[in-house]
């Protein structure tokens with residue numbers, strides 16, 4: 001989905017008034033649900049494992065908007081495309097390794 005969105009942004013890079021789009025990262029969607037860890041014994045966890053207040057965040061919309069109102073930055077879109085490619089490569093490598101491990105255990 002993100003790859004299609006990046007491609008759409010690049011295709012509309014010279015369209016006046018076009019606002020760049022992006023897909024909400026899974027981590028942001030996951031953080032909305034405030035899941036907490038559960039322990040069976042009070043000594044299992046030291047400190048508050050759910051305290052994320054010390055994590056620094058940065059503004060994702062720090063790129064400039066042109067005079068035509070277009071907010072597409074080709075540099076930013078190429079960085080996003082590279083990130084999509086790396087995530088895809090990592091996911092396929094993990095699935096391939098799991099498949100090889102499963103095949104080796106079935107064959108004996």
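Just a few scattered comments:
- Of all residues in segment 68-108, those being part of a loop (DSSP other than H, G, I, E, B) and surrounded by 12 or more Cβ atoms within 10 Å (Cβ to Cβ) number 4.
- Annotation note: Cβ proximity below 7 Å between a residue of segment 1-28 that is loosely packed, with under 13 Cβ neighbours inside 10 Å and a residue that is assigned to a loop (DSSP other than H, G, I, E, B) and modelled with pLDDT of 85 or more (sequence gap 6+ or interchain) occurs for 1/23.
- Each residue in segment 7-35 was checked for being part of a helix (DSSP H, G or I) and under 13 Å from the mean Cα position of the chain (by Cα), and 6 pass.
The values are calculated or read from the model by the stated rules, or taken from the named source; none is laboratory data. Here the structure is a predicted model, which is why all the values come from computation and not from measurement. So basically every Cβ, Gly included, is an ideal-geometry build from the backbone, and we count neighbours across all protein chains shown.
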